[in-house]
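Here the structure comes first, spelled out in structure tokens, and everything after it is commentary.
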Amino acid sequence: MKSCGVSLTTAAVAFGDEAKKMAAGKASRESEEESLSLTVEEREALGGMDSRLFGFVRLHEDGARTKTLLGKAVHCYESLILKAEGKVDSDFFCQLGHFNLLLEDYSKALSAYQRYYSLQADYWKNASFLYGLGLVYFYYNAFHWAIKAFQDVLYVDPSFCRAKEIHLRLGLMFKVNTDYKSSLKHFQLALIDCNPCTLSSAEIQFHIAHLYETQRKYHSAKEAYEQLLQMENLPAQVKATVLQQLGWMHHNMDLVGDNATKESFAIQYLQKSLEADPNSGQSWYFLGRCYSSIGKVQDAFISYRQSIDKSEASADTWCSIGVLYQQQNQPMDALQAYICAVQLDHGHAAAWMDLGTLYESCNQPQDAIKCYLNAARSKRCSNTSTLAARIKFLQAQLCNLPQSSLQNKTKLLPSIEEAWSLPIPAELTSRQGAMNTAQQNGSDSWNGGQSLSHHPVQQVYSLCLTPQKLQHLEQLRANRDNLNPAQKHQLEQLESQFVLMQQMRHKEVARGLHKSQSSCLSGPNEEQPLFSTGSAQYHQATSTGIKKSNEHLTLPSNSVPQRDADSHLSSHTATSGGQQGIIFTKESKSSKNRSLVPETSRHTGDTSNGCADVKGLTNHVHQLIADAVSSPNHGDSPDLLIADNPQLSALLIGKANDNVGTGTCDKVNSIHVAVHTKTDHSVASSPSSAISTATPSPKSTEQTSINSVTSLNSPHGGLHTVNGEGLENSQSSTKVDLPLVSHRSTSQIIPSMSVSICPSSTEVLKACRNLGKNGLSSSCILLDKCPPPRPPTSPYPPLPKDKLNPPTPSIYLENKRDAFFPPLHQFCTNPKNPVTVIRGLAGALKLDLGLFSTKTLVEANNEHIVEVRTQLLQPADENWDPTGTKKIWRCESNRSHTTIAKYAQYQASSFQESLREENEKRTQHKDHSDNESTSSENSGRRRKGPFKTIKFGTNIDLSDNKKWKLQLHELTKLPAFARVVSAGNLLSHVGHTILGMNTVQLYMKVPGSRTPGHQENNNFCSVNINIGPGDCEWFVVPEDYWGVLNDFCEKNNLNFLMSSWWPNLEDLYEANVPVYRFIQRPGDLVWINAGTVHWVQAVGWCNNIAWNVGPLTACQYKLAVERYEWNKLKSVKSPVPMVHLSWNMARNIKVSDPKLFEMIKYCLLKILKQCQTLREALVAAGKEIIWHGRTNDEPAHYCSICEVEVFNLLFVTNESNTQKTYIVHCQDCARKTSRSLENFVVLEQYKMEDLIQVYDQFTLVSDQHVSTLRWV
């Protein structure tokens, strides 16, 4: 594997060879030598430079020589590429990408990496390339692709030297994507790593604490923050931010005592924070909020002014100032502050709401309606239904008023159109206006690239009209026809002054909007897209790859409701609309001095105070729009071109003739066309290192995303033009799209017969000699002939629309003989049948289902633990957000625990309540003449909320044979292939219990209880029997389409493996995904085949029992191993230890299926080589290996840090070994904690002689020897 990029020595030799070929017969020896301008010393210096040094090379301080050398190397490489017309070794492009990355020229780096990708078939083996590519994606906020690239690095090389940096960045990106479980795991992995990183341990710990806060685990967050404050030598900035977070949490949450006590604590924490960092505008703002909540108006006002003086313009601050003025009965000042807020952030719903309330209190309903409409347009408005009702009420009120009364009524406040030009209150502007003016110098205008003129602040306010003058102006305008000459002259003066004031105000707001990346400067009632970014500015930023040091990115997190922040006059929190989030900034300091602390937002509707600042991560990033997290579609592709050398740009994207046929642009643009070949539906169906297999739609390029910001990846059909010239002009620059979207030939996790599994154990061990002497061998490098796993593409050709609701395969049993008829087993396990419903099974086998009834369960073990999921009752084929306003995929539920007896009471009371409701409905129907209409209305209300809350009793463990002897014995009546334990069940050979898989689990349901969408653990088959008395409705999608569902989950910001999701059927049908839909009645057995995706909802009151089964087939084993590898890529624990299981299968089972035998043998071969290689490396390093052995029924071992399976050689800490607790680590995590393993002992569980014997004795046998085994 190439884990460190291209060798400069090799590159230099190739450099000379390529130059000689190029110059032969065309130039003299002198010109050839002139092109080779790198000296031997320079080549040696460049030899160790690749993406791994990113963030650790100082180019802006004492690294001038390094920067010059890198620039020279880039020039030499580019010259050679030009002269060779692009026909150079692919490694040149990889190294060129590294050099440009180190120089922070990201567009050139991406172009070079793209060319390397198109030329190098096994690019995925080059970890430094994948790492560099991930860094470029991260810089451009393309988190969706950066995550994939970084995950590929860890998969192909778990011991990669920058693994800590990868885990840190993955933690940050998952945090932004609201995948908090994954985020926490990666932060913890970064924290245990002793290698250097761009952030300190204190800063990583801060992110972990803030993660708890974001998840509303406030007590855990408080404990983590306070623990952080106990650290020695805690950086002042981190300390200030921790105190800020604690203060804001105390203000919003009931962490201590009564309201007065918590506000007192909050103020103390914020004051301490300001002692540590007096220049924090955020802390001043929070302090103002605290003072305002306890009625200290003057202190609050002073704090707000300090906030404005210390930080940039903030809509939240101005909104809070408006609330303060409104509380003090100063409506004109409140109006001015609210206008400032909405001009800085057009989508600030809270400011619009409060402004509407202000107008309504001043009896100006027309202006109030306009403000409420603007609030309703905002994507951050959380109470649209209340707003709609209020607007409707005001409109009705206006209709009843005579027109004359509206015209003659004197207004207390200027209209919203007039107010749009009011100045900022003068007493708050001294610092703010000067700051905006200073920030404008040297920067382009946000509108059309034209610079705005700069006026002194005093001039701005000398032109401002007072409220009295504005009111006088309005009166003069109303009586224009009846004015005398003096009044007409006065009107002309006031109107002239009003126009100048408008111009000054627009320029001032433009400067503020330039900082906040607002959409435009249109009036308050003009419809406009909220938060859109100017295309000219974005193009300029991305095409150069250079950002100024004061530019930053705000990345949103979820809003968290707060309690009574201020006593606002409106019915909502006044300042709930500001941008919140992580701010990535680039600092010129060295990486060691960079800090990661929160410049947390003013978003007061978020008690988590947004996300934390990610300062100091070495590649700075651009600003993202605040609503991006709700639109995870692909964005426009910025122009990535090398402006100083268009010819080189064309060569890098494959314009020149080369040995790969079509250029990269062709590869990218071709993804709009579906793949016309039937793919192998394996996880490894696409080797691309950073692509979701679902093709992005051209329509989606108008949107951006946080978790899938493909602004660099979106393909565009046709030729791109620059300055009116097309791609056919070789001198013109071209737009470079991201490379990692093309489909290459399918690779499999488990190879076919092309891989030899014939060598004996002796030959295997001989081949292992001297491999991995450094002890850092990866679990993936031996015999690794395939790229990291990928989801399968949607099968081609797509099914016609009338085939998207196929009939469910069903078998009706009449007697016991039917149940044990061998073709039944074959039918169920046939991969062509994703699901089989076996009807009448209980009757045919005379199963006593009453043993699993609620009454019997209570009598048997009434105190047995039940996991409870609190859910919303919804129609089975729909999933709405809690407000009932839109259909979503996310299907959240809260977890708690109870006992069987208590849940049985709930189940019974739920049934009785339903009976009462039915009786009431019948009575109601008699009173209404139009029963059909009433039913329709009720149905509509049920569908769109408010939704009733229900409780689902799940994951009830029935594994204890003593407690549940009768129940488990009854299940032995089932045919062998469906039993919990049988010789033909792979899970029976694991050798230990895996709860819910090779043991029985019970589910107790009321109507509406949901099991969200999922595939079974490790893609094993499952058996589910409905006990009754009610029915269940099932939705099933074939395994071939799980890649499509995975892509939908990513688009909806969900983790396919870990999140709870309920598919939108309309989305599936639009994507040509077939859905089997059927009812499971009492006594029916549902067989879910390997890899099938399914989700279930209870129709009535019922219990179900379920477990997993592993048929002894090649398909089952293949899918299980593929999911095992996919889990490893995604850092998810595999419940089934496939390595451990494979060795037990080799010991216990005689295999006659050649495909199954080949796959198991290959797995044994791979693991045997890994064990021998690692063992020899440890011995060579002088590390003692202690014999430990295994006990009967001992579970397989997993790394306590990263949760990968650890086989044979266990790395255990000295302390854990002494205490006999045996906390196991994998080799990679052990070395990250202790490089030389001095704090670890290595325990061996198997003698190599035993493993060799098992390997040699596992041979293919004829079908006659095993024909009886499967039906035992």
Here segment 96-195 gives, from Cα atoms, an Rg and Dmax in Å of 13.4, 38
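Kindly identify segment 1051-1128 as rounded, prolate or oblate by the Cα gyration tensor criterion: order the square roots of the eigenvalues as a ≥ b ≥ c, call it rounded if a/c is under 1.5, otherwise compare a/b with b/c, prolate if a/b is larger, else oblate.
Numbers: a/c = 1.73, a/b = 1.08, b/c = 1.60.
Verdict is oblate for segment 1051-1128.
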Which residues' amide hydrogens lie under 5 Å from the amide hydrogen of residue 1197, considering only partners 5 or more residues apart or on another chain, with H built in the peptide plane?
1206
Roughly how many Å is it from the Cα centre of segment 149-214 to that of segment 307-342, as a whole number?
39
Difference of contour (0.36 nm per residue) and Cα-Cα distance, residue 1181 to residue 181
356.3 nm
Calculated FRET efficiency for the pair residue 395/residue 1033, C-beta based, R₀ 60 Å, to 0.05:
0.90
Pairwise label distance in nanometres, residue 261 with residue 298, each label 7 Å out on the Cα-Cβ vector:
3.0
Go ahead and run the numbers for FRET between residue 816 and residue 894, Cβ-Cβ distance against an R0 of 41 Å, rounding to 0.05.
0.40
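Counting other C-beta atoms within 10 Å, and keeping those with at most 16, which DSSP coil chymotrypsin sites (Phe, Trp or Tyr not before Pro) do you find in segment 1172-1268? All intermediate terms of the calculation are to be shown ahead of the outcome.
Details: sites: 1187, 1198, 1207, 1211, 1222, 1240, 1246, 1255, 1258; in loops: 1207, 1222, 1246, 1258.
Sites meeting the loop and neighbour criteria: 1222.
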Stretch gain in nm, segment residue 1214-residue 976, where the contour uses 0.36 nm per residue and the Cα spacing is subtracted
81.1 nm
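Suppose R0 equals 30 Å. What FRET efficiency, 1/(1 + (r/R0)^6) with r the Cβ-Cβ distance, do residue 1238 and residue 231 give to the nearest 0.05?
Details: r = 25 Å, r/R0 = 0.83.
Given R0 = 30 Å and the Cβ-Cβ separation, E is 0.75.
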For residue 42 paired with residue 995, estimate the spin-label separation in nm (one decimal), with each label point 7 Å from Cα along the Cα-to-Cβ line.
6.5
Label zone at residue 1260 (point 7 Å along Cα-to-Cβ), backbone N below 14 Å, segment 1112-1151:
1114, 1151
Would you work out what percent of the accessible area of segment 226-333, with all protein chains in place, is carbon or sulfur (probe 1.4 Å)?
44
Amide hydrogen neighbours beyond the local backbone of residue 835, cut-off 5 Å, H modeled:
1089
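If you stretched the chain out fully between residue 1250 and residue 1069, how much longer would it get, using 0.36 nm times the residue separation minus the C-alpha to C-alpha distance? Could the numbers behind the result be given before it?
Working: separation 181, 0.36 × 181 = 65.16 nm, distance 5.32 nm.
The residue 1250-residue 1069 span can extend by a further 59.8 nm.
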Compute the accessible area per residue over segment 137-189, keeping the other protein chains in place, probe 1.4 Å, unit Å².
14
Two-site label geometry, residue 275 and residue 53: point separation in nm, points 7 Å out along Cα→Cβ
4.5
Karplus couplings for segment 1241-1250 from phi (6.51 cos²θ - 1.76 cosθ + 1.60, θ = phi - 60°), rounded to Hz, Gly and Pro as x?
10, 10, 9, 10, 9, 10, 6, 4, 4, 5
The ³J(HN,Hα) series, computed from each phi in segment 41-55 with the Karplus coefficients 6.51, -1.76 and 1.60 at θ = phi - 60°, rounded to the nearest Hz and given as x for glycine or proline, is 4, 5, 5, 5, 5, 7, x, x, 9, 8, 4, 5, 8, 4, x
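Take the alpha carbon gyration tensor of segment 984-1104, find the square roots of its eigenvalues, order them as a ≥ b ≥ c, and report rounded if a/c is under 1.5; if not, report prolate when a/b exceeds b/c, else oblate. Don't skip to the end; give the middle numbers.
On the way: a/c = 1.83, a/b = 1.18, b/c = 1.55.
Verdict is oblate for segment 984-1104.
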5 Å is the cut-off here: which amide hydrogens, built 1.01 Å from N in the peptide plane, fall below it relative to residue 815, excluding neighbours closer than 5 in sequence?
none
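Rounded to the nearest whole Å², what accessible area per residue is found for segment 1070-1176 with the 1.4 Å probe?
Numbers: 2520 Å² over 107 residues.
Here the per-residue accessible area is 24 Å².
The values are calculated or read from the model by the stated rules, or taken from the named source; none is laboratory data. Small disclaimer: the values here were computed from a predicted structure and weren't measured. A quick note on method: Cβ atoms are made from the backbone with ideal geometry, for glycine too, and the neighbour counts reach across all protein chains shown. When the accessible area is computed, the model is the full protein with side chains, heavy atoms only, and any ligands, DNA or RNA have been set aside. Shrake-Rupley method; radii C 1.70, N 1.55, O 1.52, S 1.80 Å.
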